[in-house]
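The values are calculated or read from the model by the stated rules, or taken from the named source; none is laboratory data. Keep in mind it's a predicted model, so treat the numbers as computed, not measured. All Cβ positions, even for glycine, are placed from backbone atoms using ideal geometry, and neighbour counts span all protein chains on display. Each accessible area value is taken on the protein alone, full model and side chains, heavy atoms only, with ligands, DNA and RNA left out. Shrake-Rupley method; radii C 1.70, N 1.55, O 1.52, S 1.80 Å.
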Amino acid sequence: MPRVEFHNVSKSYPGGIRAVIDLGLTVEDGELLCVLGPSGCGKSSTLRMLAGLESITSGDLVLDGARINDLPAQARDMAMVFENYALYPHLRVFDNIAMPLVARRVQRGEIQKRVHEVAETLHITDHLMKRPRHLSGGERQRVALGRAIVRTPKMFLMDEPLGHLEAYLRVELRAEIRRLHERLGATTFYITHDQEEAAAVSDRIAVMHQGRIQQIGSLLDLLDRPANRFVAEFIGSLPINLLAATANEGDGSLQVGPMMLPLSPAQATRLRAARSHTGLTFGIRPEDVALADQEHAAALPGRVAVLEPQGDNTVVIADTPVGRVSAVIPSRSVPAQGERIRLHLALDHAHIFAADGSNLLSGVDRKG
Ligand SMILES: Nc1ncnc2c1ncn2[C@@H]1O[C@H](COP(=O)(O)OP(=O)(O)O)[C@@H](O)[C@H]1O
Ligand SMILES: [Mg+2]
């Protein structure tokens, strides 16, 4: 049963480019693990080392308990799907899908059966006799997927397989990929730069940045408990507000601009233990900022600069003494442009980042 482990795996390219640094990661048997990160962070390099297409500079790659650093790609038995699905233009869809079986000298009857099964799964049965140029982008990508799943490899490796498609097709196909994985239960290494896609195909997401894994968890974990400032900024549909802050050691409060935010005793203790009081950053998502009412003693004064209507809600961007702050406000109670407002920041959903970017305190931890 395939289970893949990366132990301190690094990749350097000639010229000193460190594409992957000290990667530690396990893809469990039958799991679809998603690696999510911005362009250039080392995702494809990682996948190519796993595929055997790129040498490993240092560290160990272990498949089912055996070190496979030097195992040739052909011997690894991994099926790949890339963003640029290379279909054979002169072959019909049927033959494109059948190719891996033909190459392995599978019997003709068995090929017929397998190709038709796969075509049915991917809803392309009607296109089997067409050539790729007569298909839409989404249909072509399905054919590429079909070619990967027509046999039963040890693992599937997918490198931004939906990257080129129009938005609505991406949404459709990512659901398809999840269903396919639930049905086949094959160990899959899936790469994307799109957080919605990551969350749609997988329950476990590894966030990568500058060659390093930053955090592994569900999208909710990444949103609620980001390990560091990078994850907090990268994840989320709206950019997180990041405001300079200072801890007051005396009374255990946090100063954010003109606001003194009272920390719980547990929060104060953890901040003290972290031994960093200066260069702190207070992070709060726009969804956790609201218009303050009379009860809110500690509110941030501001003036409405920009309104971005989004239907039921409007993103209100205000100029405050600590910089621009955005808030998601129900559209029916939105203030006017230029109006003076007071903002309430939900402390129990806030994060405090140290100068080095590490997360000292997630609001959701405050009970602890
Ligand atoms: N063959 C190569 N030679 C030199 N540098 C490379 C090569 N492939 C990738 N890189 C560099 O390694 C880094 C990571 O690239 P890559 O793994 O393709 O990232 P991603 O897939 O996340 O966009 C980038 O800085 C890229 O320019
Ligand atoms: Mg890539």
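Taking 0.36 nm per residue of separation and subtracting the Cα-Cα distance, what length does fully extending Q74 through A346 add? Spell out each step's value before the answer.
Details: separation 272, 0.36 × 272 = 97.92 nm, distance 5.41 nm.
The Q74-A346 span can extend by a further 92.5 nm.
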Check your understanding: Expressed as a rounded percentage, what relative contact order does the chain have, with Cα pairs under 8 Å and six or more residues apart?
Key -> 15 percent
Revision key, fill the gap. Using alpha carbon centers only, the range 295-368 is separated from the range 91-115 by a whole-angstrom value of 57 Å
Check your understanding: Each residue of the range 51-66 in order: what ³J(HN,Hα) in whole Hz does its phi give by Karplus 6.51 cos²θ - 1.76 cosθ + 1.60, θ = phi - 60°, with x for Gly and Pro?
Key -> 6, x, 8, 9, 6, 9, 6, 7, x, 10, 10, 10, 10, 6, x, 10
Check your understanding: Alpha carbon centre of the range 230-259 versus the range 154-189: separation in Å?
Key -> 37 Å
Point to revise | Whole-angstrom gap from the range 119-147 to the range 37-54, using each part's C-alpha centre | key: 27 Å
Point to revise | Those aspartates and glutamates that a straight Cα-Cα span of less than 19 Å connects to K130, excepting residues fewer than 8 apart in one chain | key: D95, E117, E120, E139
Point to revise | Calculated SAXS-style log₁₀ I(q)/I(0) at q = 0.12, 0.15 Å⁻¹ - the chain, Debye, Cα scatterers | key: -0.96, -1.21
Review point. Of the chain, which part is the longest with no trypsin sites (Lys or Arg not before Pro) in a loop (DSSP not H, G, I, E, B) and with at most 14 other C-beta atoms within 10 angstrom?
Key: 106-274
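Below 8 Å between Cα atoms, with a sequence gap of 6+, how large is the relative contact order for the range 237-365 in percent? Write down the numbers at each step before the final one.
Values: 276 pairs, mean separation 33.7, N = 129.
Taking the mean separation of contacting Cα pairs over the length of the range 237-365, I get 26 percent.
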Exercise for review: For the range 237-365, just list the percent of Cα-Cα distances falling in each 5 Å bin from zero outward, please.
Suggested key: 2, 11, 21, 23, 18, 12, 7, 4, 1
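Restricting attention to the range 231-326, which GluC sites (Glu not before Pro) occupy a DSSP loop and are surrounded by at most 10 other Cβ atoms within 10 Å? Each step should come with its number before you reach the end.
Details: sites: E233, E249, E287, E295; in loops: E249, E295.
Here the sparse-neighbourhood loop sites are E295.
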Point to revise | Cross-link partners of K11 among aspartates and glutamates (Cα-Cα below 17 Å; sequence separation of 8 or more within a chain) | key: D22, E54, D60, D70
Check your understanding: Quick one: how many Å² of L307 are accessible to a 1.4 Å probe, rounded to 10?
Key -> 50 Å²
